[in-house]
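Student: Can you read through this structure? Questions will come right after.
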Amino acid sequence: MNIQRIFKTLIAAAAAAGVFAAAPLHALEIEGVKLDEKITLSKGGPTLVLNGAGVRHKLAFIKVYVGSLYLLEKKSDNEAVLADTGPKRVTMDILANEVTAQDLISSVNNALAVNLSPHELALVEKRIRDLNNMMGSIKTLGKGGAVQLDYVPDVGTRITVNGEEKLTIPGADFFRALLHIWIGSKPVDGRLRDAMLGKSR
């Protein structure tokens, strides 16, 4: 093999390695939803890792969505996650053929009501209404749709629906309140809470 051919072989190998390195690494797949092992909330931002994910069930057997939680570093204790001030993401990847905005709004409001004290609820009440109004404008979400809730420090909770940024709600306390929906003491789905905390699937 001459020098030129060796050089071309090395270039091809390097290019192939670059392609593989650039390809997203899927940590796991649940109900056909592929979840990346690592993500960033913005270009140049810190890397978040998949803490855990699982299926949100309704009436024990209806699969509504895959819920996933991303953190700076993995945590299995819900209080540690709630106390964490770093960036985070919760994603709901829809599995059901149709999820109405009213379904999501009711689920959010009911979970917050049972997990927060009246005082805590009062502090975020107006911002919850803003979230409800935004979700109400969407009407329905179909299978394959996704809602992303990103907490960006010093910015707030950025809500993206099907890839389109819809609303940013200020305050670290607001995202912390939302986290109770999935990992609070009375979550919407106990199995999903354990899965998002990396304890089981």
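Student: Could you check region 44-124 for strands (runs of 3 or more DSSP E) lying wholly inside it with 3 or more residues that are farther than 19 Å from G190 by Cα?
Tutor: The strands (runs of 3 or more DSSP E) meeting that bar are 47-58, 98-100.
Student: Related question: Read through the list (1) in a helix (DSSP H, G or I); (2) modelled with pLDDT of 95 or more, then give the number of the only condition that R158 fails.
Tutor: The single condition R158 does not satisfy is (1).
Student: Can you tell which of A122, A113, A172 is surrounded by fewer than 17 Cβ atoms within 10 Å (Cβ to Cβ), of a type in the set (A, V, I, L, M) and in contact with a strand residue (DSSP E or B) (Cβ under 8 Å, 6 or more places away or on another chain)? Reasoning before the result, please.
Tutor: Working: A122 fails: in contact with a strand residue (DSSP E or B) (Cβ under 8 Å, 6 or more places away or on another chain); A113 fails: in contact with a strand residue (DSSP E or B) (Cβ under 8 Å, 6 or more places away or on another chain).
Only one candidate passes the filter, namely A172.
Student: What are the pairs, 6+ residues apart or on separate chains, where a residue within region 163-176 that is over 11 Å from L131 (Cα atoms) has its Cβ under 7 Å from a residue that is surrounded by 14 or more Cβ atoms within 10 Å (Cβ to Cβ) and among the hydrophobic types (A, V, I, L, M, F, W, C)?
Tutor: Partner pairs satisfying both residue conditions: D173/L123; D173/V124; R176/L82.
Student: Do we find that K186 is touching a residue at least 24 places away in the same chain (Cβ under 8 Å) and in a loop (DSSP other than H, G, I, E, B) in this structure?
Tutor: Working: touching a residue at least 24 places away in the same chain (Cβ under 8 Å): yes; in a loop (DSSP other than H, G, I, E, B): yes.
When the stated conditions are applied, K186 passes them.
Student: Still on this model: May I ask you to list the residues in region 161-183 that are outside any strand (DSSP E or B) and among the polar types (S, T, N, Q)?
Tutor: Correct list: N162 only.
Student: For region 105-138, which positions are touching a helix residue (DSSP H, G or I) at 6+ places or on another chain (Cβ under 8 Å) and under 16 Å from L167 (Cα atoms)?
Tutor: If we filter region 105-138 for residues that are touching a helix residue (DSSP H, G or I) at 6+ places or on another chain (Cβ under 8 Å), which is where we start, we get 105, 107-109, 111-113, 115-116, 120-121, 123-124, 127-128, 131-132, 135-138.
Answer for region 105-138, where residues must be touching a helix residue (DSSP H, G or I) at 6+ places or on another chain (Cβ under 8 Å) and under 16 Å from L167 (Cα atoms): I105, V124, R127, I128, L131, N132, M135, G136, S137, I138.
Student: Can you find a residue in region 34-52 that is loosely packed, with under 15 Cβ neighbours inside 10 Å, more than 25 Å from S137 (Cβ to Cβ) and in contact with a His (Cβ under 7 Å, 6 or more places away or on another chain)?
Tutor: For region 34-52, residues loosely packed, with under 15 Cβ neighbours inside 10 Å, more than 25 Å from S137 (Cβ to Cβ) and in contact with a His (Cβ under 7 Å, 6 or more places away or on another chain): present.
The values are calculated or read from the model by the stated rules, or taken from the named source; none is laboratory data. This is a predicted model, so every value here is computed, not measured. Glycine also receives a Cβ, built like all others from the backbone with ideal geometry; neighbour counts cover every protein chain displayed.
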